[in-house]
Amino acid sequence: MNNVGVIATLSVLLVATAGLPGCTRGHTDHKINPVVGAWIVKDPGAPFPWHMYVFNADGTMQQANPDAGDPHSSDSDGKGIWVAGGDRVRGKWVEITADRASHQFTGRTEISYDIKVNADAFAGTISARSYDAKGTLTDGPTSPTALEGRRVTLP
C-alpha cells in the first residue's frame, strides 16, 4: 500500500471512531447518590457551628468554615471521603491545624460522620479525634453530636 492508501485508510478509521467516546456519555446505569452536591451544614459541637460541605460523585468531599472558631488555632478547611451503605452515608474529613502566632503546624483533626439524606436535607451524627504534630491522639473520640445540612439550591 502506498502512502496515499495508508493516509486514506487511517482517515476513514479516524472518522469512523471519532464519535465512539461520545456514544456512552449521558447513558449510565448507575444512580448518583443523593448526597452529591453542596450543603450548608450546622454542627453545634464545632468551635464555629456553620460549615459548607461539598460531596463529589467520586466519593471525595470538601469542608470549609470561617476561621473564627478558635482564637489560637487555624483550621478552616478540610478534605475527605465518603461511602454509601444502604440509606446511610458515612465518611471522614481531615483538617490540618496551625498555631496562629507562630504559624507552625500543630496537628490534625479527623472528623467522622454518619448521615441520612432526605431530598434536600440530611441529618446524622459527627465525632472528632485530634492529633498533635507527632501524630499522638490528644482528644477524642468525642461523643457523637447531632449534625444537619440543607442542600444549596437555585431559587
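The values are calculated or read from the model by the stated rules, or taken from the named source; none is laboratory data. This is a predicted model, so every value here is computed, not measured. Every residue, glycine as well, gets a Cβ built from its backbone with ideal geometry; the counts of neighbours run over all protein chains shown.
Can Ala84 be described as surrounded by 13 or more Cβ atoms within 10 Å (Cβ to Cβ), small (Gly, Ala, Ser) and either modelled with pLDDT under 95 or not in a strand (DSSP E or B) (or both)?
No.
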Q) Only one of these conditions is not met by Ser102: (1) of a type in the set (Ser, Thr, Tyr); (2) within 16 Å of His51 (Cα to Cα); (3) out of contact with any strand residue (DSSP E or B) (no Cβ under 9 Å at 6 or more places or on another chain). Which number is it? A) (2)
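Return yes when Ile81 is aliphatic (A, V, I, L, M) and touching a Gly at 6+ places or on another chain (Cβ under 7 Å) and no when it is not.
In short, yes.
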Q | Residue satisfying all of: in the stretch 142-151; in contact (Cβ under 8 Å) with a residue 40 or more places away in the chain and of a type outside the set (D, E, K, R); surrounded by the most Cβ atoms within 10 Å (Cβ to Cβ) among these | A | Gly149
Q | Yes/no for Gly45 being surrounded by 15 or more Cβ atoms within 10 Å (Cβ to Cβ), free of Cβ contacts under 8 Å to residues at least 60 places away in the same chain and closer than 16 Å to Ala128 by Cβ | A | no
(Q) For the stretch 97-141, give me each residue that is surrounded by fewer than 15 Cβ atoms within 10 Å (Cβ to Cβ) and under 16 Å from the mean Cα position of the chain (by Cα). (A) Lys116
Q.
Taking the criterion of being touching a residue at least 60 places away in the same chain (Cβ under 8 Å), on the phi < 0 side of the Ramachandran plot and either part of a strand (DSSP E or B) or touching a Ser or Thr at 6+ places or on another chain (Cβ under 7 Å) (or both), would at least one residue in the stretch 106-117 satisfy it?
A. yes
Q: Hey, can you tell me all the residues within the stretch 68-86 that are without any contact (Cβ under 8 Å) to a residue 24 or more places away in the chain and farther than 19 Å from Ala46 by Cα?
A: Ile81, Gly85, Gly86
